[in-house]
Amino acid sequence: MQSADRMARWMASCAAALVLAVASLAAGGQSVAANNGAAEKPASQQSERDWWKNAVIYEIYPRSFQDTNGDGIGDLNGITQRLDYLQELGVDAIWLTPIYPSPQVDFGYDISDYRAIDPQYGTLADFDRLVEEAGKRHIRVIMDMVMNHTSDQHRWFLESRSSRDNPYRDWYVWRDGKGETATSPGEPPNNWQSYFGYSAWQWDPKTRQYYYHKFYIQQPDLNWYNPKVHQAFKDIIAFWLKRGVGGFRFDAITTLYEDPKLRDEGVVKDKNGNPIINAYGDPQLDDSRTNNQPGVHAVIAEMRATADRFNSARFPGTRVLIGETYLPNVAELAKMYGTPQKPEFQLPMDTQVGFINKLDVTEFRSRLIDAETKIDGNTPLLLFDNHDNPRIDARYGDGAHNREIERVIATVLFASRGAALFYYGDEIGMVTTPPRRKQDVKDPIGITGWPKEKGRDGERTPMQWNDGANAGFTTGTPWLPVPPSAAAINVEAEKNDPDSLFNWYRSLIQLKKTVSAFAHGANVMLDTENTAVLSWLRQAPGMPQVVVSANFTAEPQIVNLEAGEAGLKPGHLKTLLKSPGGADPASLEQIDLGPFGVYIGEIE
Ligand code: GLC
């Protein structure tokens, strides 16, 4: 499966490099983040300060969200136009994948200027208007910050490659090849590979050296051993914070550093001892020298200190730093929060839970317990989807009950403690729609890796607003085709259907915001031997308890929750939300759930 391949590249390999040190940290689910606290403040200021701890964050792929000028590519004005929709959904912040000027080889992740807006998406004035209009609706705008690499068209790289003694030479990672002669570049410096296939070293004939790129050839890696690179990004961050952004999502943050000794990486083997071959035909490497190197923590702390200095009148409240943190285990995730003295991310993404990629109750339970007990009381950021992986239908669906399964996933996302991140279109159940023919592929990895790797177009198709032409996304020709499923799966249709997934999302988000135990309570697992149903309790001192039960199977199930277990109080259940057609339980001892059914009730 393509997602498995992709995740394997990100995760399995780094697992091999790291010691599985499962620290037995104090359990307890205290909902107060230990290392993000400041002195106590009055309630209103405190909620501004803590907005991110129970936040609902919506990822927008701007290219695919809403086009307003008919060029088939989404734009900033399109996002502004849809802010009322996002407010209605209950979103606190939107994270925009990169909108800076870019040759668009990696659709914006190859940045050629960090202080401007790509004309395809609009202007800085459009951006300021978006921030202002979003602010009026209490929605913060979070920028993507790509620090691992720039575009090869960035001024820094053009300088860097122009001569060996250019002042920018040392901003990137340049090395001699092995066995170079006057007529041949020789071999690359070592065996390191790009995540996007083939050697991570690109020969540059002009200055007769190789440069390193963890991603596309057009995305040369910056040299983080150079202090000037650090300063450049602190300045860039300040530039956007001054414009009122609510924070940043740090792209590919774990790959900033590489082993300075350039040691080869190991080959990942299958259980029979044979090398695993990736989509591009090369042996998969273990990532041990190019991912999650220790230096990264100091950089995150440095960026956090920069962000912490900002507080604008327009956006009182904490600027939040989110990390793209694909990591091998929860111990590594815990490190990404930093310490009280040196805080790092407020919200590193918890990819442990969201990318289990199968509905396995025991696995979900164990990873949710980790999120509650092994991150030092910090705030988890759960997510199940993004622009790099096939959508939820493709990773969790069974083909027959996808809607119900999407309800289960949304329940885990919003009814667990912490911040919740989801991807545009998840709220209506958009379907992964990969290209059928190689000639239609837009994402370059889908061209080089075809057919094993079809690229990421399938999860980046236009937002489906209605059942009209191009699903209401554009009046022009959309840059990626609108999936045929848009006829039935679209915002307009789902808004009018009380049983739709859209209304399920909206209800869950409302509960997250209004039920005290959801907003502030710890997560405690219940009925922990059950292998069919995941049940948990949300409880905060002095507030009514809430129980959640989600059936992970296609068979009906009856759950028997025992008062006394994990502090569960006896009482009558008042239904807060249940799957369409679900029953109101007679008691805690008998909660009836249909196939993939969900029940949420408050104990009175
Ligand atoms: C991150 C982005 C992905 C991009 C890569 C290189 O993983 O999410 O879309 O291709 O970084 O910037």
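The values are calculated or read from the model by the stated rules, or taken from the named source; none is laboratory data. Since the structure is predicted, the reported quantities are computational estimates derived from the model, not experimental observations. Cβ atoms come from the backbone with ideal geometry, glycine included; neighbour counts cover every protein chain shown. We work out accessible area using only protein heavy atoms, side chains counted, and drop any ligands, DNA or RNA first. Shrake-Rupley method; radii C 1.70, N 1.55, O 1.52, S 1.80 Å.
Points worth noting:
- Residue in the stretch 235-243 that is more than 19 Å from Trp95 (Cα to Cα), part of a helix (DSSP H, G or I) and either among the acidic types (Asp, Glu) or under 25 Å from the mean Cα position of the chain (by Cα) (or both) present: yes
Every residue, every condition in (1) away from the ligand (no atom under 16 Å from the Cβ); (2) outside any strand (DSSP E or B); (3) modelled with pLDDT under 95; (4) open to solvent by 60 Å² or more (accessible area, probe 1.4 Å), yes or no:
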| site | (1), (2), (3), (4) |
| --- | --- |
| Asp170 | yes, yes, no, yes |
| Tyr210 | yes, no, no, no |
| Lys214 | no, yes, no, no |
| Lys228 | yes, yes, no, yes |
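- The stretch 283-311, residues that are among the hydrophobic types (A, V, I, L, M, F, W, C), within 22 Å of the chain's Cα centre (by Cα) and surrounded by 19 or more Cβ atoms within 10 Å (Cβ to Cβ): Val296, Val299, Ile300, Met303, Ala307
- Condition check for Asp264: outside the structural domain of Gly449 (by TED's automatic domain parsing), touching a residue at least 40 places away in the same chain (Cβ under 8 Å), open to solvent by 10 Å² or more (accessible area, probe 1.4 Å) and away from the ligand (no atom under 16 Å from the Cβ): yes
- Any chance Glu453 is over 20 Å from the mean Cα position of the chain (by Cα), under 24 Å from Lys358 (Cα atoms), in contact (Cβ under 8 Å) with a residue 40 or more places away in the chain and crowded, with 22+ Cβ neighbours inside 10 Å: yes
- Search result, residues across the stretch 494-546 that are in contact with a strand residue (DSSP E or B) (Cβ under 9 Å, 6 or more places away or on another chain), open to solvent by 10 Å² or more (accessible area, probe 1.4 Å) and β-branched (Val, Ile, Thr): Val515, Val524, Thr528
- Scanning the stretch 43-81 for residues that are without any contact (Cβ under 8 Å) to a residue 40 or more places away in the chain and within 24 Å of Glu494 (Cα to Cα) yields Thr68, Gly78, Gln81.
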